[in-house]
Each structure stands twice: as structure tokens, then as C-alpha cells.
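Notes follow once the structure below has been shown.
Bear in mind that the values in this text are calculations on the coordinates, not laboratory data. Predicted model, so just to flag it, every value in this text is computed and none were measured. FYI the Cβ positions are ideal-geometry reconstructions off the backbone, even for glycines, and counts take in every protein chain you see.
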Amino acid sequence: MPPSMMGPRARMRFQFGLGLVFTMGCASPTSRERFGLDEDPLEIVDTVPTGGTMDVALDAVLDLCWADRLDPRSVLGSSTTLSSGRARFDHHLEVQLFPWRSAGRAELAQASEGPWCSGSVVSIRPDVSLRPSLQYRVQIDATANGWNGARIDPLPPEWQEDPSGTPRFALEFTTGANDPPEGGSNGPPSLGLAELFADGRVFDPERALCSCHQDPANDAAILLDLGDPEVALASLVGSSRIRDTGFPMIDPRSPSESFLLHKVVRDANGDPLLGVLGDTMPPDGGTVPYADLIDLARWIETGAAL
């Protein structure tokens with residue numbers, strides 16, 4: 001259950017957060033939790049493509065940028081349609097807790113450019129290439145909740161009620177006349193955990209980022225041992241225990257439903273996600289560099305293997 005849906009007693013059952021530490025300063029695990037629901041309405045602040053765009057690429061991914069982080073389970077069960085006239089097209093829905101892909105594409109984002117969306121991204125990916133020179137319409141119902149409890153305020157003109165009275169967000173665009181790309185896009189190549197221990201990567205022992213978890217004498221290494229790739233794999237993937245936010249440490253192929261990212265990602269205001277117990281990670285107000293977040297998401301998304 002996501003933190004925004006937990007009652008006070010359920011929250012109290014979580015006594016200790018995972019002491020993930022990613023800087024030279026080593027924090028001690030505590031039971032301190034951050035409360036405070038977000039009362040601002042949840043909004044879609046950008047779309048790729050924008051409404052009314054002509055000549056959209058036939059291999060495009062349709063992205064909705066939200067103002068803040070989303071509870072992924074509130075989106076994955078929602079109803080979406082991709083249609084042209086009376087024809088409907090198969091597609092699948094994905095939540096990027098933070099944008100680790102380029103806007104409107106399946107390729108990884110360029111870390112040097114920073115995230116294109118300050119909140120979460122909902123991606124609608126057609127199962128086959130779009131057809132040329134057609135007007136398409138994407139619709140999604142208003143089930144999404146912000147991670148911190150924000151609810152959608154479905155105001156027109158973007159949100160319209162369907163015949164049953166359910167508010168739905170609509171995005172219309174027209175594809176170009178070019179032939180579909182050969183082979184299409186298969187997304188980023190896989191990334192193994194051992195590669196994350198290479199020079200300059202997130203778990204590189206020579207970096208200060210994970211030093212506490214690589215020191216056997218430190219309590220942080222007892223909670224999560226990042227001493228070497230094989231030991232780290234057992235610590236990260238070998239346990240199915242549900243963590244503070246109601247998710248396992250790693251859910252292979254589902255970065256947004258993996259507690260490792262919940263612990264280190266910040267909301268749109270730069271604050272830790274609601275419901276994560278213990279000290280912030282990195283401690284003392286630090287943040288994990290965007291390039292490292294992309295690496296972590298890519299590793300999980302491509303199978304969380306060694």
C-alpha cells in the first residue's frame with residue numbers, strides 16, 4: 001500500500017528505514033518519518049507531443065509530464081485508449097517515477113541535459129509503429145494520485161467527461177507521411193550490476209557515494225552490503241521483504257516500484273518522498289546525481305541481473 005493510503009497504525013509498524021548512504025557522511029538508521037500530505041492539485045504540465053502537433057514520428061512514445069511524483073499503482077490500473085477515428089490500437093502504459101528516458105523516445109535521457117520533466121512521466125507506448133498521416137487521440141482517466149497524496153483537479157478543456165461522466169485527459173496529434181522505421185526502437189541495452197561497480201559508476205568503491213555501505217565496520221553495510229557485485233545482488237534482489245513504502249527493495253523490470261529508488265529520489269520540491277523512514281539518503285540534504293539515477297533505473301528495468 002502506498003504511503004498516502006496508509007493509516008496511522010500502519011505507518012507505525014514500519015520502525016526502521018533502510019540506512020542507504022551515498023556520501024562520505026555515514027548516517028545511522030532511525031525511525032524518523034516525514035509526514036505532510038500535499039494539498040496542491042496534481043496537474044499534467046507538459047506533453048510530448050503537444051496537442052495539435054503535426055508530423056509526429058511513427059515510432060514516437062507519448063509522454064505526459066506531471067507536476068510531481070506519482071504513486072505508480074494509481075496509474076498502472078487506469079484506463080487508457082489510443083485511437084484514430086473508430087479504430088483502437090494496442091499499447092502499454094508505463095510510469096517513470098522520474099524521467100530516465102528522453103522526451104517522446106525510448107532512448108535513455110542525456111544526463112548532461114538534466115531531466116526534461118520535474119515530476120513523474122506517464123508513457124503510452126504503441127505496440128506497433130503508428131500509421132502515417134493519421135490523426136490520433138490518446139485518452140487517460142483521472143485515477144492518478146501524487147506520491148504525497150495530491151489529487152487531480154480535472155478541469156476543462158484538457159479534461160473532459162466521457163458519456164459515463166468519468167473525466168478523461170485527451171491529447172490529439174497527427175502523424176507524418178514517412179514510412180515506419182525498420183525494426184523500430186527496442187529501448188536501451190541491458191546493464192548488469194557488475195557494470196555499476198566500474199570506474200565512475202554509482203557503486204564504484206573509489207567514489208564516496210556508497211562508502212558507508214562498502215565498509216564492513218559500518219552499520220550501513222549490515223543493512224545493505226555493497227562490498228562487491230555478488231554480495232550486493234543478494235542484498236538488493238535476494239529479499240522479497242516489503243519496505244517502508246509498500247514495495248520490495250528491487251522489483252525487476254519495474255524501477256518505479258522499487259524501494260531503492262524511493263529512498264534516493266526527491267519530489268519536485270527537492271524533498272524526500274513521503275513514507276520513507278530514516279535519514280535522507282544521501283544525508284545532509286545531498287542528492288544522487290541524475291546520471292546515477294538513470295543507471296539505477298536502467299539496471300532495474302533491464303532485469304536487475306549481475
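Some notes on this structure:
- Cβ-defined net charge surrounding R207, 10 Å radius [Lys, Arg +1; Asp, Glu -1]: -3
- Distance (nanometres) between label positions extended 7 Å along Cα→Cβ at A291 and A305: 2.6 nm
- Extreme residue, positive dipole direction of the stretch 44-174, given options S102, I44, P132 (C-beta unit charges): P132
- Local electrostatic count, Q135, Cβ distance below 15 Å [Lys/Arg +1, Asp/Glu -1]: +2
- Relative contact order (percent, whole number), the stretch 44-174, Cα cutoff 8 Å, 6+ residue spacing: 32 percent
- Between S164 and L134, the FRET efficiency from the beta-carbon distance, with R0 = 41 Å, is close to 0.95.
- The stretch 179-253: relative contact order as a whole-number percent, Cα under 8 Å and 6+ apart: 15 percent
- The stretch 44-174: C-alpha gyration tensor shape, a/c 1.5 cut-off, then a/b vs b/c: oblate
- Shown in residue order for the stretch 224-232 are the 3J(HN,Hα) couplings computed by the Karplus curve 6.51 cos²θ - 1.76 cosθ + 1.60 at θ = phi - 60°: 8, 8, 10, x, 7, x, 5, 5, 5 Hz (x for Gly and Pro).
- Cα-based shape type of the stretch 156-224, given that a ≥ b ≥ c are square roots of the gyration tensor eigenvalues and the cut on a/c is 1.5: oblate
- Stretching the chain fully between R86 and L155 yields a gain of 22.3 nm (0.36 nm per residue, less the alpha carbon separation).
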